[in-house]
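A.B. asks: One structure is given below, represented as structure tokens, and several questions about it will come after.
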Amino acid sequence: MRHLRHAYEYCKQVVKTSAGNFFLAFQLLPRTKRYAIYAVYAFCRAADDAVDELPEPSLRRAGLQLVKEGLERVYRGAPRTPVEVALADTVGKYRLTKQYFDDLLLGMEGDIETVALDRMSELDEYCYRAAGTVGLLCLEVFGVAGHAAKRYGLALGRALQLTNVIRDLREDARNGRCYVPRELLDEHGVTVEDLANGHDTRAMRKVIRALIQLAKAAYDEAERHRPRSAAARLLTSEAMRRVYYALLLKIERDPAAVLYGRVSLHPLRKAGEVVTALATTH
């Protein structure tokens, strides 16, 4: 028991130090579910770090392979690391679907080398693997099931990931990862080099606004499919929706800001959105 408690505390520290937005929203969950989400997030963080923190593709591939092997140990009931120990307990309690983790890791694998999407459908697939999978896992922890709930989780994951894509537009392009499909860039006469160099042109602003509209449509879809009968159990995801939507609206007021630096919300604004979610979710 002590070993398990320490494993969960380790996961909590991972979330606390690397995901301020999420950590704040997670505090709205009952303790058991909160620690389960810590375990899920810590695993996702380990996979993300394997791809983002290692300096070359061969090392990233090897690092991600270690994460994959850890996931197999989790589902075999033979965890080794603190993250694996906590995740194995969470998987057992909530019967988490392994396919969602597999799809998440497949998405991470796509980030190992240069990323260049051609079609809008590829952006949809990327959003599912990067965030939709996590949304579906969270719903399993929250105990919210059904067709509408799944559509809600997928749409919200897409909305959050599109917001990230817009916020990190220039930084990602400079790191060899362009998540803006070439067909959208070509439509407005913008190149990947324009993104990487942060060229503030009328055409660039049109690209950013087009992405903002895609994200807003995803937020609207999430709201349409949100299971009203499960409002209390979805409090955390609704808090995240409010925080990220507020960030998107801030970007919409000045689209070119993402070309000059990382746009963010003031901590008090984030806290205010969480409190509003708490007050308005019924």
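A.B. asks: Right, Ala88: outside the structural domain of Ala215 (by TED's automatic domain parsing), within 20 Å of Lys33 (Cα to Cα) and assigned to a helix (DSSP H, G or I) or not?
C.D. replies: yes
A.B. asks: Tell me, which residue of segment 91-113 that is hydrophobic (A, V, I, L, M, F, W, C) and assigned to a loop (DSSP other than H, G, I, E, B) is modelled with the highest pLDDT?
C.D. replies: Within segment 91-113, the match that is modelled with the highest pLDDT is Leu96.
A.B. asks: Moving to a separate point now. Quick check, is Ala246 surrounded by fewer than 20 Cβ atoms within 10 Å (Cβ to Cβ), over 26 Å from Tyr152 (Cβ atoms), small (Gly, Ala, Ser) and touching an Asp or Glu at 6+ places or on another chain (Cβ under 6 Å)?
C.D. replies: no
A.B. asks: Counting only residues that are within 19 Å of the chain's Cα centre (by Cα), of a type in the set (Ser, Thr, Tyr) and surrounded by 17 or more Cβ atoms within 10 Å (Cβ to Cβ), how many does segment 70-108 have?
C.D. replies: Qualifying residue count, segment 70-108: 1.
A.B. asks: Is it fair to say Tyr126 is part of a helix (DSSP H, G or I) and in contact with a strand residue (DSSP E or B) (Cβ under 9 Å, 6 or more places away or on another chain)?
C.D. replies: So Tyr126 passes the test.
A.B. asks: Could you tell me which of the residues Asp172, Asp168, Asp186 is surrounded by fewer than 19 Cβ atoms within 10 Å (Cβ to Cβ) and under 20 Å from the mean Cα position of the chain (by Cα)?
C.D. replies: Only one candidate passes the filter, namely Asp168.
A.B. asks: Can you give me the number of residues within segment 221-241 that are under 22 Å from Leu265 (Cβ atoms) and of a type in the set (A, V, I, L, M)?
C.D. replies: Number satisfying all stated conditions: 5.
A.B. asks: Among the residues of segment 189-214, write down those that are surrounded by 18 or more Cβ atoms within 10 Å (Cβ to Cβ) and either farther than 20 Å from Gly261 by Cβ or within 20 Å of the chain's Cα centre (by Cα) (or both).
C.D. replies: Hits for segment 189-214 are Ile208, Leu211, Ile212, Leu214.
A.B. asks: Quick test for you: out of Glu125, Glu187, pick the one residue that is more than 23 Å from Asp52 (Cβ to Cβ), charged (D, E, K, R) and at pLDDT 95 or above.
C.D. replies: Step by step, each of Glu125, Glu187 is checked, and only Glu187 is more than 23 Å from Asp52 (Cβ to Cβ), charged (D, E, K, R) and at pLDDT 95 or above.
A.B. asks: Val263 versus (1) under 17 Å from Ala159 (Cα atoms); (2) aliphatic (A, V, I, L, M); (3) assigned to a helix (DSSP H, G or I); (4) out of contact with any Asp or Glu (no Cβ under 6 Å at 6 or more places or on another chain): which is the lone unmet condition?
C.D. replies: Of the numbered conditions (1) under 17 Å from Ala159 (Cα atoms); (2) aliphatic (A, V, I, L, M); (3) assigned to a helix (DSSP H, G or I); (4) out of contact with any Asp or Glu (no Cβ under 6 Å at 6 or more places or on another chain), the odd one out for Val263 is (3).
The values are calculated or read from the model by the stated rules, or taken from the named source; none is laboratory data. The structure displayed is predicted, hence computed values, not measured ones. Please note: Cβ atoms are built from the backbone with ideal geometry, for glycine as well, and neighbour counts cover all protein chains shown.
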